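Trainee: Got a structure here, written out as C-alpha cells. Questions coming.
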Amino acid sequence: MTTQSISFYERVDGALHDASLKTALSRATERFIGNRAGAIGALSDEAALRDTARAIRAGALSRLDELLAQLATNVESRGGTVCWASDGEEARTYIAELAKARGVRSIVKSKSMASEEIHLNHALEEAGLEVVETDLGEYIIQLAGETPSHIIAPSIHKTREQVSELFHQHLGVPLTDDIQTMTQTARTALRQRFLKADMGISGVNFGVADEGAVVIVENEGNARLSTTVPRIHVAIMGIERIVARMEDLGVMLQVLARSATGQKLSVYTSMISGPARSGEEDGPEEFHLVLLDNGRSKILGGEYAEALLCIRCGACLNACPVYQAIGGHAYGGVYSGPIGAVLTPLLQPDLPEAYMLPQASSLCGACQEVCPVRIAIPDMLLRLRADAVKAGKAHPVEKAAMRGYVMTMNNPAVYRAGGRAARLGSRLIGRKGRIRRLPPPLSGWTHGRDFPTLSGTSFGEWWEEREKKRKEAAQ
Amino acid sequence: MTTKPGRRRVTLFVTCIVDQVYPGIGQATAALLESQGVEVRVPRGLTCCGQMAFNAGFRDEAYAVAGRTIEVLRGSDDVVLPSGSCATMIRHLYPELFQRSPYAGPTADLISRTYEISEYLVDVLGVADVGARYSGSLAYHDACHGLRFLGLGRQARTLLGSVAGAEVKPLPGHDQCCGFGGLFAVKQGAISEAMLDQKLAGIAEAQADLIVTGDASCMTQIAGGLSRKGSKTKARHLVEVLANMTDARQ
Ligand code: SF4
C-alpha cells in the first residue's frame with residue numbers, strides 16, 4: 001500500500017482482466033493438478049517418500065560446504081572446470097569471458113531458472129553473442145520477448161492460439177491449432193541452431209556430490225542436445241541443489257517428476273560429470289560448472305532456510321489459487337507463485353515491491369499440502385510480513401488500525417462499546433439484512449460482496465443475560 | 001476416546017467475529033455442547049485470538065492480544081471454538097508467537113486442551129449424530145485452516161451425514177480456498193474476488209440449498225458473494241445446521 005506498490009496492483013489488475021491468460025492458466029494448471037494427483041496417488045507410500053525426500057534435502061543442506069567441495073573436486077578430477085560465483089555479476093562475467101576466449105558466437109540454452117535469475121541472456125546478447133532457447137516453452141517466450149511465468153512451464157500463460165500466431169509471425173508458418181505441428185515447427189527451426197552452436201548452457205536439477213555429476217531431467221531431448229553437441233557445455237547450478245549420494249537421487253527424481261508433471265520419471269535424464277573423455281563420441285570438449293550463490297548462503301541457517309529445500313517442481317504454483325488467478329508475471333520477480341513470494345524478497349530484496357508478494361496470499365496452505373519436500377510456505381509468508389512491518393513498510397492506516405485493534409480487544413469496556421456502535425451502524429447503513437456499501441477502509445469488501453447487518457446483542461451480552469436469568473430462577 | 005466420569009466442562013471461545021457479527025453461531029455452539037451434557041462456561045473478557053494482527057505481520061500487537069487471551073484461558077477446562085481458523089492460530093501459530101517468552105509454558109498447556117467444535121464432538125465426545133433435522137440439500141466447504149493445519153473435514157462430514165432429512169451433495173472444489181484470508185480480502189480485494197468467483201462457480205454446480213462451513217469468516221465471504229449475485233443458496237455455519245438454527249438469520 002505505498003505508491004511504489006501501485007504497479008503491483010496494476011499488474012494484478014491487468015492479469016485479472018486478461019481473458020486469454022485466464023484460459024491458458026486454467027487449462028494448464030488443471031492438467032498439472034490432475035496429473036500430479038494421479039501420479040502421487042498411485043504411490044502406496046507417498047507420505048514416507050516425501051519425508052525421505054525432505055530428509056535427503058535437509059541432510060544435504062546441513063553440510064552444504066562439504067558436499068559442494070566434494071562435488072567440485074570430483075568434477076575437476078574428471079577434467080571439468082568449476083566457477084564459484086558469489087553473485088550474478090560473477091557468473092555472467094565468467095560465462096561471457098569464457099565465450100570470448102574460446103571464440104564462441106552462437107549459444108544454445110536449455111531451460112534454467114538460475115540463468116533467468118541472473119539475467120544471463122541479456123548479458124550475453126550485450127556481449128554480441130547469439131543465444132537461442134531450445135526448450136519449447138522457453139523458445140516461445142524468447143520469440144515473444146517475455147520472461148518465464150512458471151518454474152517448469154515458462155510459457156504457461158500463452159494459449160495455443162497465441163503460440164500459433166507467434167510462430168506465424170516470426171517463422172512464417174501457417175496458423176494451426178495442432179500442438180504436434182507447432183512442436184514440429186519449433187524442432188525444425190532449432191535443429192540448425194544446435195548444429196551451429198559453439199556453446200551449450202544448461203541448468204542443473206541436482207548435483208550429486210559423491211558421483212561428481214550434475215543431473216538434468218527433461219522431456220524434449222533439447223537439454224541432451226544442448227549439453228552434448230556444442231564443443232563447450234556450461235551448467236549453472238544454484239548451490240543448494242545438491243544431494244550427497246547417488247542413492248539419494250532415485251528418490252529425488254521420483255518426487256520431482258511426479259510433483260512437476262505427474263510422470264513416474266521424466267523422459268530424459270542426463271548425468272554429466274565432465275567433458276567427453278578420449279575415445280567417447282558424445283560430449284563436449286569442455287565442461288564448466290558454475291556454482292551460483294547469489295544470496296543463498298545468507299538464507300542458510302536463518303529462519304527462511306527451509307526455502308532452500310525447494311526442488312523447483314512447480315507443484316505449489318499449480319495448486320495456488322492466487323497463482324491460478326493472476327499467473328506468474330504479476331509477481332514481478334523471477335520466481336512466482338507461493339515459493340516465489342518467499343524467494344523474491346530473499347533473493348531480490350532490491351525489487352521495490354518484493355515485500356508486497358507475501359501479502360498476496362490467503363494463507364490457504366494448498367502449497368504446503370502439495371510440496372514434495374513439505375516446505376512450510378505459509379509460515380514463512382507470515383514471517384516475511386512481520387519483517388516488512390518491522391522495516392516500516394506498513395501503511396499508516398493499517399498501523400493506526402492495529403493500534404485500535406489492540407486497544408479494543410484488550411479493553412472489554414471499549415470492546416463492548418465499540419461492538420455496540422458498529423452493530424448499530426451496520427443497521428443504519430444496511431437494508432433487508434445486508435450492506436451493499438461499506439465506508440473506507442472497508443469499502444474494498446463491498447466492491448463485489450455484501451456484508452450482513454448485525455443483530456442488536458452480541459453473543460457475550462446474550463450469554464450474560466441468560467446466566468443472570470438462570471441464577472434468578474434458581475434462587 | 002473414553003469419556004471421563006463426572007460432568008465435562010468446557011470453556012467456550014466463540015471468537016470475536018461470532019461474538020459481534022453472528023451471535024447465533026455462539027448460541028448454537030453452546031446449545032450443541034449442552035445437549036451432550038457438557039457444562040459450558042464463557043469467561044468474561046474473552047475477545048480475540050490475535051490472528052488479525054499476526055497475519056498482518058504486526059507481531060507485537062498480536063502478542064499483546066493473544067497474551068491476554070492466554071491469561072483469560074488459564075485453567076483446566078477444555079477450550080472449544082466454532083472456528084478451525086482461530087483454533088489453528090492457537091495450536092499452530094501461538095508456539096511461534098510465544099517462543100522464548102514467559103507464555104511458552106501456558107501456550108503448550110492451552111494447546112493440549114484446545115479443540116474445534118466438530119473435532120470436540122466427534123473425536124472427544126464420540127458423537128456421530130446430534131439429532132439434527134434439515135429438510136433440503138446441503139454441501140460442505142472445507143475451510144482451509146481447519147482442513148490443512150488441523151486435519152479436519154471428516155468430523156463435519158460425519159455429523160452432517162446423520163442430519164435427518166438432509167441430502168448431502170458433493171461440492172466441486174470443496175477444498176479450494178474461498179478467497180477470504182483475513183485482511184487479504186480487503187487489501188488484495190481483486191484477487192480475493194477472483195478466488196470467490198471460482199468458489200461460487202463450484203457452488204452453482206453443486207445446486208444445494210445450503211453451503212455449510214466451519215468458519216464464520218469464510219461463511220461471510222461466501223454468503224457475501226451469493227447475496228451480491230442474488231443467489232438462492234445460503235451459507236451457514238456447521239453448528240447452525242447441527243443445532244437446527246438455519247432459519248435464525250436471513
Ligand atoms: S516449494 Fe515445494 S512445491 Fe513449490 S516448487 Fe519448491 S519443491 Fe515444488
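Trainee: Any residue in region A:361-371 that is within 9 Å of the ligand (Cβ to nearest atom), polar (S, T, N, Q) and either open to solvent by 30 Å² or more (accessible area, probe 1.4 Å) or in a helix (DSSP H, G or I) (or both)?
Mentor: Yes - at least one qualifying residue is present in region A:361-371.
Trainee: Could you tell me whether region B:169-176 includes any residue that is among the hydrophobic types (A, V, I, L, M, F, W, C) and open to solvent by 40 Å² or more (accessible area, probe 1.4 Å)?
Mentor: The answer is no, given that none of the residues of region B:169-176 is among the hydrophobic types (A, V, I, L, M, F, W, C) and open to solvent by 40 Å² or more (accessible area, probe 1.4 Å).
Trainee: Of the residues A:S112, A:S149, only one is open to solvent by less than 20 Å² (accessible area, probe 1.4 Å), within 16 Å of the ligand (Cβ to nearest atom) and over 21 Å from A:L292 (Cβ atoms); which?
Mentor: Details: A:S112 fails: over 21 Å from A:L292 (Cβ atoms).
None of the others qualify; the one that does is A:S149.
Trainee: Can you tell me which of A:L442, A:L438 is within 10 Å of chain B (Cβ to nearest Cβ), under 26 Å from B:A223 (Cβ atoms) and surrounded by 15 or more Cβ atoms within 10 Å (Cβ to Cβ)?
Mentor: One residue alone meets the criteria, A:L438.
Trainee: Give just the number: which of (1) out of contact with any Lys or Arg (no Cβ under 8 Å at 6 or more places or on another chain); (2) near the ligand (Cβ under 9 Å from one of its atoms); (3) in a loop (DSSP other than H, G, I, E, B); (4) not hydroxyl-bearing (S, T, Y) does A:R374 not satisfy?
Mentor: Every listed condition holds for A:R374 apart from (1).
Trainee: Only one of these is of a type in the set (D, E), under 25 Å from A:A307 (Cα atoms) and at pLDDT 90 or above: A:D13, A:D18, A:D45. Name it.
Mentor: Exactly one of A:D13, A:D18, A:D45 is of a type in the set (D, E), under 25 Å from A:A307 (Cα atoms) and at pLDDT 90 or above, namely A:D45.
Trainee: Output yes when any residue across region A:217-229 is assigned to a helix (DSSP H, G or I), within 16 Å of the ligand (Cβ to nearest atom), open to solvent by 50 Å² or more (accessible area, probe 1.4 Å) and over 17 Å from A:C83 (Cα atoms), and no when none is.
Mentor: no
Trainee: Would you mind stating whether B:Q188 is within 14 Å of another protein chain (Cβ to nearest Cβ) and surrounded by fewer than 22 Cβ atoms within 10 Å (Cβ to Cβ)?
Mentor: no
Trainee: Within 14 Å of chain B (Cβ to nearest Cβ) and within 16 Å of the ligand (Cβ to nearest atom): does that describe A:V255?
Mentor: Against the criterion (within 14 Å of chain B (Cβ to nearest Cβ) and within 16 Å of the ligand (Cβ to nearest atom)), A:V255 does not qualify.
Trainee: Condition first: farther than 27 Å from A:E46 by Cα and either away from the ligand (no atom under 16 Å from the Cβ) or touching a strand residue (DSSP E or B) at 6+ places or on another chain (Cβ under 8 Å) (or both). Can you find one or more residues in region A:261-269 that meet it?
Mentor: no
Trainee: Next up: Tell me which of these B:A53 doesn't satisfy, since it passes every other one: (1) under 19 Å from the mean Cα position of the chain (by Cα); (2) more than 16 Å from A:G404 (Cα to Cα).
Mentor: (2)
Trainee: Then there is this: Looking only at region A:457-475, how many residues end up being more than 7 Å from every other protein chain (Cβ to nearest Cβ) and surrounded by 14 or more Cβ atoms within 10 Å (Cβ to Cβ)?
Mentor: Total meeting the criteria: 2.
Trainee: Hey, among the residues in region A:274-325 that are of a type in the set (K, R) and modelled with pLDDT of 95 or more, which one's nearest to the ligand (Cβ to nearest atom)?
Mentor: Step by step, filter region A:274-325, then rank; the result is A:R312.
Trainee: Looking at A:R403 and the list (1) more than 16 Å from the ligand (Cβ to nearest atom); (2) within 20 Å of B:Q188 (Cα to Cα), which single condition is not satisfied?
Mentor: (2)
Trainee: Could you list all residues from region A:400-424 that are of a type in the set (G, A, S) and touching a residue at least 12 places away in the same chain (Cβ under 8 Å)?
Mentor: Matches in region A:400-424: A:A401, A:G419, A:A422.
Trainee: Right, here's the next one. So is A:L381 more than 7 Å from every other protein chain (Cβ to nearest Cβ), within 16 Å of the ligand (Cβ to nearest atom) and either in a loop (DSSP other than H, G, I, E, B) or within 30 Å of A:G340 (Cβ to Cβ) (or both) or not?
Mentor: yes
Trainee: Residues that are open to solvent by less than 40 Å² (accessible area, probe 1.4 Å) and small (G, A, S): find the helices (runs of 4 or more DSSP H) completely inside region B:38-132 holding 3 or more of those.
Mentor: So the answer is B:59-72, B:84-88.
Trainee: Of (1) surrounded by fewer than 16 Cβ atoms within 10 Å (Cβ to Cβ); (2) part of a helix (DSSP H, G or I); (3) of a type outside the set (D, E, K, R), B:L160 satisfies all except one. Which?
Mentor: Tallying (1) surrounded by fewer than 16 Cβ atoms within 10 Å (Cβ to Cβ); (2) part of a helix (DSSP H, G or I); (3) of a type outside the set (D, E, K, R), B:L160 fails exactly one: (1).
Trainee: If you don't mind, another one. Any residue at all in region B:156-167 that is under 30 Å from A:G444 (Cα atoms) and not assigned by TED's automatic domain parsing to the domain that holds B:N55?
Mentor: no
Trainee: Please specify each residue of region A:5-32 satisfying the condition of being open to solvent by less than 70 Å² (accessible area, probe 1.4 Å) and within 23 Å of A:P372 (Cβ to Cβ).
Mentor: Answer for region A:5-32, where residues must be open to solvent by less than 70 Å² (accessible area, probe 1.4 Å) and within 23 Å of A:P372 (Cβ to Cβ): A:L25, A:A28, A:T29, A:F32.
Trainee: Residues in region A:442-475 that are part of a loop (DSSP other than H, G, I, E, B) and hydrophobic (A, V, I, L, M, F, W, C): how many?
Mentor: Taking region A:442-475 as the starting set, the residues that turn out to be part of a loop (DSSP other than H, G, I, E, B) are A:442-444, A:448-450, A:453-458, A:475.
Checking the rest, the ones that are also hydrophobic (A, V, I, L, M, F, W, C) come to A:442, A:454.
Adding up the residues that qualify gives 2.
Trainee: Now for a different question. For region B:1-13, check the following and say yes or no: at least one residue is more than 10 Å from chain A (Cβ to nearest Cβ) and in a helix (DSSP H, G or I). Break it down stepwise before answering.
Mentor: Of region B:1-13, the ones more than 10 Å from chain A (Cβ to nearest Cβ) are B:1-11, B:13.
Within this subset, residues satisfying the condition of being in a helix (DSSP H, G or I) are none.
No: region B:1-13 contains no residue that is more than 10 Å from chain A (Cβ to nearest Cβ) and in a helix (DSSP H, G or I).
Trainee: Here are A:R63, A:R54: which of them is assigned by TED's automatic domain parsing to the domain that holds A:V243 and touching a Lys or Arg at 6+ places or on another chain (Cβ under 7 Å)?
Mentor: Details: A:R63 fails: touching a Lys or Arg at 6+ places or on another chain (Cβ under 7 Å).
Sole residue among the options that is assigned by TED's automatic domain parsing to the domain that holds A:V243 and touching a Lys or Arg at 6+ places or on another chain (Cβ under 7 Å): A:R54.
Trainee: From (1) within 12 Å of chain B (Cβ to nearest Cβ); (2) under 26 Å from A:P230 (Cα atoms), pick out the condition that doesn't hold for A:M271.
Mentor: Condition (1) is where A:M271 drops out.
Trainee: Identify the single condition in (1) at pLDDT 95 or above; (2) within 13 Å of chain A (Cβ to nearest Cβ); (3) touching a Gly at 6+ places or on another chain (Cβ under 8 Å); (4) closer than 24 Å to B:D19 by Cα that B:K199 does not satisfy, given that it satisfies every other one.
Mentor: Checking B:K199 against (1) at pLDDT 95 or above; (2) within 13 Å of chain A (Cβ to nearest Cβ); (3) touching a Gly at 6+ places or on another chain (Cβ under 8 Å); (4) closer than 24 Å to B:D19 by Cα, the one that fails is (4).
Trainee: Among (1) open to solvent by less than 20 Å² (accessible area, probe 1.4 Å); (2) in a loop (DSSP other than H, G, I, E, B); (3) over 16 Å from A:A223 (Cα atoms), which single condition is A:P154 missing?
Mentor: The one condition A:P154 does not meet is (3).
The values are calculated or read from the model by the stated rules, or taken from the named source; none is laboratory data. All of these numbers come straight from a predicted model, not from anything done at the bench. Methodologically, a virtual Cβ is constructed for each residue, glycine included, from the backbone with ideal geometry; neighbour enumeration extends over all protein chains shown. To get the accessible areas, we keep the full protein, side chains included, count just its heavy atoms, and leave off ligands, DNA and RNA. Shrake-Rupley method; radii C 1.70, N 1.55, O 1.52, S 1.80 Å.
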